[in-house]
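Asker: Attaching a single structure in structure tokens format; questions to follow.
The values are calculated or read from the model by the stated rules, or taken from the named source; none is laboratory data. Remember, predicted model here, so these are calculated numbers, not experimental data. FYI the Cβ positions are ideal-geometry reconstructions off the backbone, even for glycines, and counts take in every protein chain you see.
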Ligand code: SF4
């Protein structure tokens, strides 16, 4: 078997400050093959982002790192800072959650996209502007020549993330680490960015580690999934296997909390309790206080489960993997069976009738009105007691302005009609 591009063995990351040491990653082993897309999922505090920062040598000085991380055969743990600097951008590209923090606000986008290549000697300065336009075109930025001269604040959130993807892939790195790359984006822009990421991954043949709390993103993008909890891997399997037949109660809980269009579920099921803080990890199985199987079992409270084979190609860390079947049944619907008659609709609590919010455009010294922005233009809706109404749409569609108008945070014009009971 070919050597994996990324190989992690016994990785441990502990933060040391003035108080007790805080273990954030507690011994993980992981391999990623060249051109593989690996998804890492888990709640906040599970250790997935700390693992990615350890791979790139970006942890703060308070972190103590143990174990081994090899990228392309080169040891990263304990490496000289200059070796890590050479590796970032050339061998490893990074995409973070908020593109605004990845971009320098005072430099044109085009210059930033190729800056890494020039710094690594992969591109001559004279070629940089032409290459920047090519890279922006590859990530579907319209008018790339004009946009290359613009600054980050002149790009939308989705375009900024595309520019960051162009920047991360400019040097054709062998490994891309994308940490929550779509979390800050609208749903439709998220789909575009994921499609782009998949397309660029296929074109460059890079391996991708996709870190997210969103299993929907994983289902669309990854070949294989690793589930982390309390600083450890609790399950790993090919994506189809994990969605069809999860082997760990925590993975079952994550899957059940996903909204499903193909099931008649009227309420989402959340995992009870909160994930432990790194400084207060429960004894035995770290998941036992939240586990529907193990909460009452002595073995789960006292003995930490080890990762072992589970399913055709997966591994899971659970003493009672064979009992997962019972957790997979759909949850009972609120108030009884799904076919129970629903209560008669109550009187509306909120009535919005033909709401309009128009903002005047004023120009010149005398601030004369020269036009009108129709932020909301004739919206009507009703909300009844006990009802949850979802208001969705892309940025700029007027949903936030509607909410602000309902809260009385925007002066209402004469023709607006809004009734709150
Ligand atoms: Fe639940 Fe016990 Fe399995 Fe942990 S070992 S996941 S507590 S059943």
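Asker: Using the structure shown, decide if residue 43 is over 27 Å from residue 214 (Cβ atoms), modelled with pLDDT under 95 and surrounded by fewer than 17 Cβ atoms within 10 Å (Cβ to Cβ).
Answerer: For residue 43, the condition - over 27 Å from residue 214 (Cβ atoms), modelled with pLDDT under 95 and surrounded by fewer than 17 Cβ atoms within 10 Å (Cβ to Cβ) - is not met.
Asker: Please give the helices (runs of 4 or more DSSP H) falling wholly within the range 131-249 in which 1 or more residues are under 24 Å from residue 115 (Cα atoms).
Answerer: Those helices (runs of 4 or more DSSP H) span 144-147, 157-169, 187-204.
Asker: Right, next: Can you tell me how many residues in the range 115-130 are surrounded by fewer than 13 Cβ atoms within 10 Å (Cβ to Cβ), outside any loop (DSSP other than H, G, I, E, B) and touching a helix residue (DSSP H, G or I) at 6+ places or on another chain (Cβ under 8 Å)?
Answerer: 1
Asker: State the number of residues belonging to the range 272-325 that are closer than 16 Å to residue 242 by Cβ, at pLDDT below 95 and within 10 Å of the ligand (Cβ to nearest atom).
Answerer: Counting residues in the range 272-325 that are closer than 16 Å to residue 242 by Cβ, at pLDDT below 95 and within 10 Å of the ligand (Cβ to nearest atom) gives 2.
Asker: Further question on the same structure: Within the set of pairs 6+ apart or on separate chains, which have a first residue in the range 184-195 that is surrounded by 17 or more Cβ atoms within 10 Å (Cβ to Cβ), a second that is not in a helix (DSSP H, G or I), and C-beta atoms under 6 Å apart?
Answerer: Qualifying pairs under 6 Å: 184/97; 184/98; 186/394; 186/395; 190/182; 193/182.
Asker: Moving on to the next point. So, in the range 371-397, how many residues would count as being over 16 Å from residue 351 (Cβ atoms), modelled with pLDDT of 85 or more and out of contact with any helix residue (DSSP H, G or I) (no Cβ under 8 Å at 6 or more places or on another chain)?
Answerer: 2
Asker: Criterion first (within 17 Å of residue 251 (Cα to Cα) and either modelled with pLDDT of 85 or more or part of a strand (DSSP E or B) (or both)) does residue 358 satisfy it?
Answerer: no
Asker: Could you check the range 285-321 and list, in sequence order, the residues that are at positive phi and surrounded by 18 or more Cβ atoms within 10 Å (Cβ to Cβ)?
Answerer: If the condition is that a residue be at positive phi and surrounded by 18 or more Cβ atoms within 10 Å (Cβ to Cβ), then no residue fits.
Asker: Looking only at residues in the range 61-76 that are outside any strand (DSSP E or B) and either without any contact (Cβ under 8 Å) to a residue 40 or more places away in the chain or within 18 Å of the chain's Cα centre (by Cα) (or both), which one is surrounded by the fewest Cβ atoms within 10 Å (Cβ to Cβ)?
Answerer: Filtering the range 61-76 for residues that are outside any strand (DSSP E or B) and either without any contact (Cβ under 8 Å) to a residue 40 or more places away in the chain or within 18 Å of the chain's Cα centre (by Cα) (or both), the one surrounded by the fewest Cβ atoms within 10 Å (Cβ to Cβ) comes out as 61.
Asker: When the range 251-271 is examined, which residues are found to be more than 11 Å from the ligand (Cβ to nearest atom) and either within 21 Å of residue 45 (Cα to Cα) or at pLDDT 90 or above (or both)?
Answerer: Once the filter is applied, which keeps residues that are more than 11 Å from the ligand (Cβ to nearest atom) and either within 21 Å of residue 45 (Cα to Cα) or at pLDDT 90 or above (or both), the range 251-271 yields 254, 255, 256, 257, 258, 269, 270, 271.
Asker: If you check residue 112 against the conditions, is it in contact with a helix residue (DSSP H, G or I) (Cβ under 7 Å, 6 or more places away or on another chain), assigned to a helix (DSSP H, G or I) and either within 21 Å of residue 169 (Cα to Cα) or touching a residue at least 12 places away in the same chain (Cβ under 8 Å) (or both)?
Answerer: Yes: the conditions hold for residue 112.
Asker: Of the conditions (1) under 16 Å from the mean Cα position of the chain (by Cα); (2) away from the ligand (no atom under 15 Å from the Cβ); (3) farther than 21 Å from residue 93 by Cα, residue 240 fails just one. Which one is it?
Answerer: The one condition residue 240 does not meet is (1).
Asker: What residue, of 329, 343, is under 30 Å from residue 305 (Cα atoms) and at pLDDT below 75?
Answerer: Testing whether each residue is under 30 Å from residue 305 (Cα atoms) and at pLDDT below 75 leaves just 329.
Asker: List the residue pairs whose Cβ atoms are under 7 Å apart, where the first residue sits in the range 246-258 and is within 13 Å of residue 272 (Cα to Cα) and touching a residue at least 40 places away in the same chain (Cβ under 8 Å), the second is assigned to a helix (DSSP H, G or I) and near the ligand (Cβ under 10 Å from one of its atoms), and the two are 6 or more positions apart or on different chains.
Answerer: These pairs meet every condition: 249/324; 249/327; 252/324; 252/327.
Asker: Can you find a residue that is surrounded by 15 or more Cβ atoms within 10 Å (Cβ to Cβ), at positive phi and touching a strand residue (DSSP E or B) at 6+ places or on another chain (Cβ under 7 Å) anywhere in the range 392-402?
Answerer: yes
Asker: OK, next. Would you check if there is a residue in the range 90-99 being surrounded by 15 or more Cβ atoms within 10 Å (Cβ to Cβ) and assigned to a helix (DSSP H, G or I)?
Answerer: yes
Asker: If we scan the range 216-227, do we find a residue that is within 30 Å of residue 247 (Cα to Cα), buried (at least 21 other Cβ atoms within 10 Å of the Cβ) and either out of contact with any helix residue (DSSP H, G or I) (no Cβ under 8 Å at 6 or more places or on another chain) or free of Cβ contacts under 8 Å to residues at least 24 places away in the same chain (or both)?
Answerer: Yes, there is a match, as at least one residue in the range 216-227 is within 30 Å of residue 247 (Cα to Cα), buried (at least 21 other Cβ atoms within 10 Å of the Cβ) and either out of contact with any helix residue (DSSP H, G or I) (no Cβ under 8 Å at 6 or more places or on another chain) or free of Cβ contacts under 8 Å to residues at least 24 places away in the same chain (or both).
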